[in-house]
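Every number in this text was worked out from the coordinates using simple rules, so none of it is lab data. This structure is a prediction, so every number in the text was calculated from the model and none was measured. With ideal geometry, Cβ positions are generated from the backbone for all residues, glycine too; neighbour counts draw on all protein chains shown.
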Amino acid sequence: MEPIPAGPPGAVLPAGDHHGSLRRFLRRNVWALTSLALAFVVALPLLVIFSGWLHAQNEVWQHLASTVLRDLVVNTLVLMAGVAAGVLVLGVGLAWLTSLCEFPGRRFFDWALMLPLAIPAYVLAFVAIALLDFTGPVQTALREAFGAGGFWFPDIRSTGGVITVMALVLYPYVYMLSRSAFLAQGRSPLDAARSLGLGPWRAFFRVALPMARPAIIAGLSLALMETLADFGTVAVFNYDTFTTAIYKAWFGLFNLQAASQLASLLLLVVALALTGERLMRGRARFHELSGAGRPVRFRLKGGRAWLASAAAGLVFTVAFVAPVSQLLLWAWDIVRDDLDPRYWQLLWNTLSLGASAAVVTVCGALLLVFAKRFGKGPVNAGAVTVATLGYALPGSVLAVGIMLVFTGMDNFLASVGRIFGPDGGAPVLTGTIAALLLAYLVRFLAVAFGPTDSAMEQIRPSLPEAARSLGARPAQIFREVYLPLLRPGILTAMLLVMVDVMKEMPATLLLRPFGWDTLAVRIYEMTSEGEWERAALPAITLVAAGLLPVMVLVWRSARRPS
Amino acid sequence: MAPSGGAMAAAAEEVVVYSARKEHLIKPLFDAFTAETGINVRYVTDKAGPLLARLQAEGANTPADMLMTVDAGNLWQAAEQGVLAAVESETLKANVPAHLRDPEGRWFGLSVRARTIVYSTERVDTEELSTYEGLADPKWQGRLCLRTSKKVYNQSLVAMMMERLGAERTQEVVEGWVANLATQPFSNDTKTMEAVAAGQCDVAIVNTYYFGRLQKKDPDIELALFWPNQDDSGVHVNVSGAGITRHAPHPEAALRLLEWLSTPAAQDRFAGLNMEYPVNPAVEPDPLVAAWGDFKADNINVSKAGELQAEAVMLMDRAGYR
């Protein structure tokens, strides 16, 4: 499936190699080749999507351009801006509070604020509408109290509503990544800043924040790519974005080619944005200055302390407690009818898929991260950008791209297979677990890459160099220097991928083996006909399953040596 | 970890179904079919679009024998793209009325779904109601709720109107609807009806089985169905249906399943599970469904909905119906 690294990371260094020139070439370029190989895997389905341009679809384009396109683009930009602001304020703000300040409940919020990650965005969207729309219990109660026109209530099915919901489900990406960056900074930079007379606020903005920038950007770009690719949430709100145009072209106008063209435009924009960000960052590097312990937390006092608790508590309640309570209420009504032994199978399928995909994808991300560090040049940078593009595509479109690649290979194998007999033509890739895992790799490589990469960015090159000068062998350097320092990033990556895979729908639906259902598939079965209450049981099970990896991470970070 | 799903033994009798109809609505039937015939049914569910893309991509190597989906537009599109085989079957011809199947026998309706008007029994007098077009009348200003135009059910409804009234008149109607909206379109039928019940608006257009589900949950809900266009074309109906794939590995078993699904024993459950109308005229609908009364249904061949769907989508875009 995955190319196994040709050697441990240190092996790239020219170590007096006197073998054949091909071998030397391979050794010298092992990282460029690795990242190219990974980029190739991701690029295949993307190329399939770009091939939509081979067939002109002028009619669809003219129609969209003359009717809805302008609104869709404006809507998309507004949504991106709103979600970016939301996840930055919530994610960075809360990470700062829990990692560098002390206030009542801090220990609890430390991990509790990660929990909303387990709630799929489309689930929160539906719960929000069910609770807060005109027909929901809140407005119904207000009407009973004040009469039909006697009160004002914001329209939940609005731009503000959809931004709020997406910011609440996506902020954990920024929260988790910037939290581990803040913790990894250690105490010395902040101590230095404060000894130079900076107050806590200025120390934060002048020192901590710039140092955490790679992590924050990584989290933000995940949140924004997810926003761009989102279809479920905006569909629940009937909020039209660029993705809507893609699905309109495909399902409404029956034009997969035009849909591919639209999707490839989306990809182009994302690739430009990613490249631009990398160029802007330039040669700046943010390495951990010293491993000297955890920062001393600012002890917030009095009103400020309670304000911090209130803010964390509010976010936790709105993003987690309220939706989970509503789901539990709904699930309670149907649990007797719908809970059958197959649930254990669904749960097992979901968890094992998530865990296997996490391992595969994080291995891919590690290769990419090492390739980025040791491989130089534009080829490498381009390969990294391509390899992380899969996350920005609407799921169904990417799923079809992947499926076309698989069926293409299957059809080729079948034509070979038929030489050997009539039964040789059965598909061997499409509809297998291997195909699913590969699809998740393509889709979620960006998710695994973000945290792993920002962990790598914080390792000073002098550290492995010192180890080497002391005579450590490459394998040993990998095991004893890189791995321990990368571990927080790797764990975050595995958790994010696992939870994302468990929530994933389009690729799972299209590529799963016969009868191999997951909780997300069950949720789809119920929600696609609007039966959200009946989807509550699989949804709450999915949330519970998502808590398992979160808990692992929490335990791990609690045991973190200081 | 899991069986490799792709490969299969040709020996065991089985049918492989790609289904856009949801598992809980088909599994009980498949189980019954297996119990009766010994033929095993394997299936995978997804949306119609991706399933169709998969069938096309797999081509001659597809493991699928049958494509089952909702909406005539999707079935028409599948036939158009050449993934379905024409079937000669006296049983199917006898059990499925001509306007609810493909004229060339590539797909057959299996249940009928009526898209009709639902109104508040508190605030609407049935005298006010007449036709779908009538809802464009300014007297409904601020009183109409609609589901999003992105749902294929609305696309088919508008497509059939275009067939009947022409594009120009249809666009006027849709613009009239948009002007009458009490609030922006909803993402599903259930929410749309709940808005009517809660007083946000007075009328809406919905599929009857969603109304049935709501009624089951809350028998006293102050809503009722109205059958429009009874003096002319009749109520807009659509189908869920199925066809046999062109490269089916098990065409005989698949035909047997398709025929079986059209027989009274299966029809009763196929429609009943979702409170739809049986496609087989010999079968009575579920008592709760029957209680909504008889109506005259539009009998233009439903495949028209497929033919005109893209135009209908563009028309709704032009009319500003989101």
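Quick one: plug the Kirkwood hydrodynamic radius of the range A:218-371 (C-alpha pairs) into Stokes-Einstein at 4 °C, 1.567 mPa s, and report D in µm²/s. All intermediate terms of the calculation are to be shown ahead of the outcome.
Numbers: Rh = 21.5 Å.
The calculation lands on 60 µm²/s.
May I ask you to compute the full-extension gain from A:ASP155 to A:ASP71, defined as 0.36 nm times their residue separation minus their alpha-carbon distance, rounded to one decimal in nm? Show your work: numbers first, answer last.
Numbers: separation 84, 0.36 × 84 = 30.24 nm, distance 1.97 nm.
Answer, rounded to one decimal: 28.3 nm.
Where does each of B:PHE226, A:PHE153 land when they are ranked from fewest to most other beta-carbon atoms within 10 angstrom? Spell out each step's value before the answer.
Working: B:PHE226 19, A:PHE153 13.
The fewest-first ordering by Cβ neighbours comes to A:PHE153, B:PHE226.
Amide H of A:CYS101 versus every other amide H placed in the peptide plane: which residues, excluding those fewer than 5 positions away on the same chain, fall under 5 Å?
Counting only residues 5 or more places away or on other chains, the set is A:PHE298.
Show the residues, 5+ positions off or on another chain, whose built amide H is closer than 5 Å to the amide H of B:PHE186.
For B:PHE186, whose amide H was placed from the backbone, the distant partners under 5 Å are B:LEU146, B:ARG147, B:THR148.
Which of the cysteines found in the protein assembly as shown have nothing to pair with, since no other Cys Cβ lies under 4.7 Å from theirs?
So, A:CYS101, A:CYS363.
Could you tell me the distance between the Cα centroids of the range A:21-65 and the range A:122-195, to the nearest Å?
For the range A:21-65 versus the range A:122-195, the Cα centre distance is 37 Å.
How many angstrom separate the Cα center of the range A:427-443 from the Cα center of the range A:211-273?
Measuring centre to centre over Cα atoms gives 22 Å.
Stokes-Einstein D for the range A:315-372 at 37 °C, 0.692 mPa s, Kirkwood Rh over Cα pairs, in µm²/s?
Working: Rh = 14.8 Å.
Answer, rounded: 222 µm²/s.
Apply the Karplus parameterisation 6.51 cos²θ - 1.76 cosθ + 1.60, with θ equal to phi minus 60°, to every residue of the range A:207-221 and state each ³J(HN,Hα) to the nearest whole Hz, in sequence, with x for glycine and proline.
Ordered by residue, 3J(HN,Hα) equals 10, 5, 5, x, 5, 8, 4, x, 5, 5, 4, 4, x, 5, 5 Hz.
Near the amide H of B:VAL15, under 5 Å away, which other amide H atoms are found, from residues 5 or more places off or on another chain, if H is placed in the peptide plane?
B:ASN40, B:VAL41, B:ARG42
To the nearest whole number, what is the average tally of beta carbon atoms from other chains within 10 Å of the beta carbons of peptide B:56-64? Could the numbers behind the result be given before it?
Numbers: counts 3, 11, 9, 4, 5, 13, 4, 5, 0.
Mean partner-chain Cβ count within 10 Å for B:56-64: 6.
Where does the charge balance sit around A:THR508 when Lys and Arg score +1, Asp and Glu -1, over other residues with C-beta under 15 Å from its C-beta? It would help to have the intermediate numbers written out before the result.
Values: positive: A:ARG443, A:LYS503, A:ARG512, A:ARG522, B:LYS47, B:ARG54; negative: A:ASP500, A:GLU504, A:ASP517, A:GLU525, B:GLU23, B:ASP46.
Net charge around A:THR508: 0.
Hey, with R₀ at 51 Å, roughly what FRET efficiency would B:ASP218 and A:SER469 work out to, going by the Cβ-Cβ distance, to 0.05? List each step's numbers first, then the result.
Details: r = 76 Å, r/R0 = 1.50.
So, using R0 = 51 Å, E works out to roughly 0.10.
Can you tell me the order of A:380-386, A:60-66, A:398-404 when each peptide is scored by its average per-residue count of other Cβ atoms within 10 angstrom, highest first? Mind dumping the intermediate values first?
Values: A:380-386: 20.9, A:60-66: 15.7, A:398-404: 26.7.
For the peptides A:380-386, A:60-66, A:398-404, the packing ranking is A:398-404, A:380-386, A:60-66.
Give a quick list of GluC sites (Glu not before Pro) in the range B:16-117 that DSSP marks as loop, anything other than H, G, I, E or B, with at most 12 other Cβ atoms within 10 Å. Can you show the working numbers first?
On the way: sites: B:GLU23, B:GLU36, B:GLU58, B:GLU80, B:GLU88, B:GLU90, B:GLU104; in loops: B:GLU88, B:GLU104.
When the GluC sites (Glu not before Pro) of the range B:16-117 are filtered for loop state and at most 12 Cβ neighbours within 10 Å, B:GLU88, B:GLU104 remain.
Which one of B:VAL124, B:VAL206, B:VAL70 has the biggest mean-square fluctuation once chain B is modelled by GNM with Cα springs under 10 Å?
Comparing B:VAL124, B:VAL206, B:VAL70 in a Gaussian network model of chain B, the most mobile one is B:VAL124.
How many percent of DSSP beta bridges within the protein assembly as shown run antiparallel, rounded to 5? Don't skip to the end; give the middle numbers.
Details: 25 of 41 bridges.
Roughly 60 percent of the beta bridges in the protein assembly as shown run antiparallel, per DSSP.
Counting other beta carbons within 10 Å of each Cβ, put A:ILE433, A:ILE49 in order, fewest first. Could you put the intermediate results ahead of the total?
Values: A:ILE433 21, A:ILE49 24.
Fewest-to-most Cβ neighbours within 10 Å comes out as A:ILE433, A:ILE49.
Is the shape of chain B best called rounded, prolate or oblate, per the rule: a/c under 1.5 gives rounded, else a/b larger than b/c gives prolate, else oblate, with a ≥ b ≥ c the square roots of the Cα gyration tensor eigenvalues?
Numbers: a/c = 2.02, a/b = 1.71, b/c = 1.18.
It is prolate, given that a/c is not under 1.5 and a/b is the larger ratio.
Can you tally the net charge around A:VAL92? Count Lys and Arg as +1, Asp and Glu as -1, for every other residue whose Cβ sits under 15 Å from the Cβ of A:VAL92. Spell out each step's value before the answer.
Working: positive: A:ARG179, A:ARG206, A:ARG213; negative: none.
Every neighbour counted, the sum reads +3.
Only four residue types carry charge here, +1 at the Cβ of Lys and Arg and -1 at the Cβ of Asp and Glu. Report the dipole size of chain A about the Cα centre in Debye, rounded to the nearest 20.
Working: 44 positive and 32 negative charges, 594 e Å.
The dipole of chain A has a size of about 2860 debye.
Could you give the spread of the C-alpha atoms of the range B:163-322 along their three principal axes, from largest to smallest, in whole angstroms?
52, 40, 31
Have a look at B:LEU288, B:TYR153, B:ASN238 and report the one farthest towards the positive end of the charge dipole of chain B, computed about the Cα centre with Cβ charges (Lys/Arg +1, Asp/Glu -1).
B:TYR153
Compute the distance in nm between two label points, each set 7 Å from the Cα along the Cα-to-Cβ direction, one at B:GLN184 and one at B:GLN230.
3.7
Taking only DSSP H segments of four or more residues, each worth -39500 (n - 2.57), what value at 222 nm results for chain B once the sum is divided by all its residues, to the nearest 500 deg cm²/dmol? List each step's numbers first, then the result.
Working: 13 runs with 129 residues, N = 322.
Per the formula, -11500 deg cm²/dmol.
Per Stokes-Einstein, at 37 °C and 0.692 mPa s, what whole-number D in µm² s⁻¹ belongs to the range A:398-515, with the Kirkwood radius over Cα pairs as the hydrodynamic radius? Before the final figure, lay out each step's value.
Working: Rh = 17.2 Å.
Diffusion coefficient, whole number: 191 µm²/s.
So which of B:LYS217/B:LYS304; B:LYS47/B:LYS217; B:LYS22/B:LYS217; B:LYS47/B:LYS296; A:LYS248/B:LYS93; B:LYS151/B:LYS304 end up more than 25 Å apart by C-alpha?
Working: B:LYS217/B:LYS304 35 Å; B:LYS47/B:LYS217 27 Å; B:LYS22/B:LYS217 20 Å; B:LYS47/B:LYS296 31 Å; A:LYS248/B:LYS93 34 Å; B:LYS151/B:LYS304 17 Å.
Where the Cα-Cα span goes over 25 Å, the pairs concerned are B:LYS217/B:LYS304; B:LYS47/B:LYS217; B:LYS47/B:LYS296; A:LYS248/B:LYS93.
At q = 0.08, 0.09, 0.18 Å⁻¹, what is the log10 ratio I(q)/I(0) for the range A:45-193, with the Debye formula run over Cα points and no solvent?
The computed values of log10 I(q)/I(0) come out as -0.42, -0.51, -1.10.
Of A:LEU274, A:LEU398, B:GLY199, which is farthest towards the positive pole of the protein assembly as shown's charge dipole, taken about the Cα centre with +1 and -1 on the beta-carbons of Lys, Arg and Asp, Glu respectively?
Going by the Cα projections, it comes out as A:LEU274.
Test of understanding: ordering A:THR135, B:THR208, B:THR183 by Cβ neighbours within 10 Å, fewest first, what list do you get?
Values: A:THR135 21, B:THR208 25, B:THR183 17.
Ranked by crowding around the Cβ, least crowded first: B:THR183, A:THR135, B:THR208.
Could you work out the Kirkwood radius for the range A:474-525, taking every pair of different alpha carbons, averaging 1/r and inverting it, reported in Å? Mind showing how you got there, number by number?
Numbers: mean 1/r = 0.0747 Å⁻¹.
In the range A:474-525 this quantity evaluates to 13.4 Å.
Other chains' Cβ within 10 Å of B:181-189 residues: what's the mean? Let's see the in-between values first.
Numbers: counts 0, 1, 4, 6, 2, 7, 11, 10, 2.
That works out to 5 on average.
Given the C-alpha centroids of the range B:217-287 and the range A:78-105, what is the distance between them in whole angstrom?
After rounding, the separation between the Cα centres reads 52 Å.
Given the -39500 (n - 2.57) contribution per DSSP H run of 4+ residues, what per-residue ellipticity at 222 nm results for chain A, rounded to the nearest 500 deg cm²/dmol?
Numbers: 27 runs with 385 residues, N = 562.
Theoretical 222 nm ellipticity from helices: -22000 deg cm²/dmol.
How big is chain A in terms of Cα radius of gyration and Dmax, in angstroms?
Radius of gyration, then largest Cα-Cα span, for chain A: 24.6, 88 Å.
Tell me, what HN-Hα J-couplings in whole Hz come from the Karplus equation 6.51 cos²θ - 1.76 cosθ + 1.60 at θ = phi - 60° for each residue of the range A:375-389, using x for Gly and Pro?
x, 10, x, x, 4, 4, 4, x, 4, 4, 4, 4, 5, 9, 7
Just checking the output field for B:190-199: average partner chain Cβ neighbours within 10 Å of each residue's Cβ?
Numbers: counts 6, 11, 2, 1, 5, 3, 1, 1, 8, 5.
For peptide B:190-199, the averaged partner shielding equals 4.
Provide the three semi-axes, in whole Å and in decreasing order, of the ellipsoid equivalent to the range B:75-141 as defined by the square roots of 5 times the Cα gyration tensor eigenvalues.
Numbers: eigenvalues 303, 43, 16 Å².
Each semi-axis is the square root of five times an eigenvalue, giving 39, 15, 9 Å.
Kindly list the residues of the range A:232-267 that lie in the label zone of A:ASN58, defined by a backbone N under 16 Å from the point 7 Å along the Cα-to-C-beta vector.
In the range A:232-267, the label zone of A:ASN58 (backbone N under 16 Å from the point 7 Å along Cα→Cβ) covers A:258.
Provide Rg and Dmax in Å for the range B:250-322, with only Cα atoms included in the calculation.
17.1, 48
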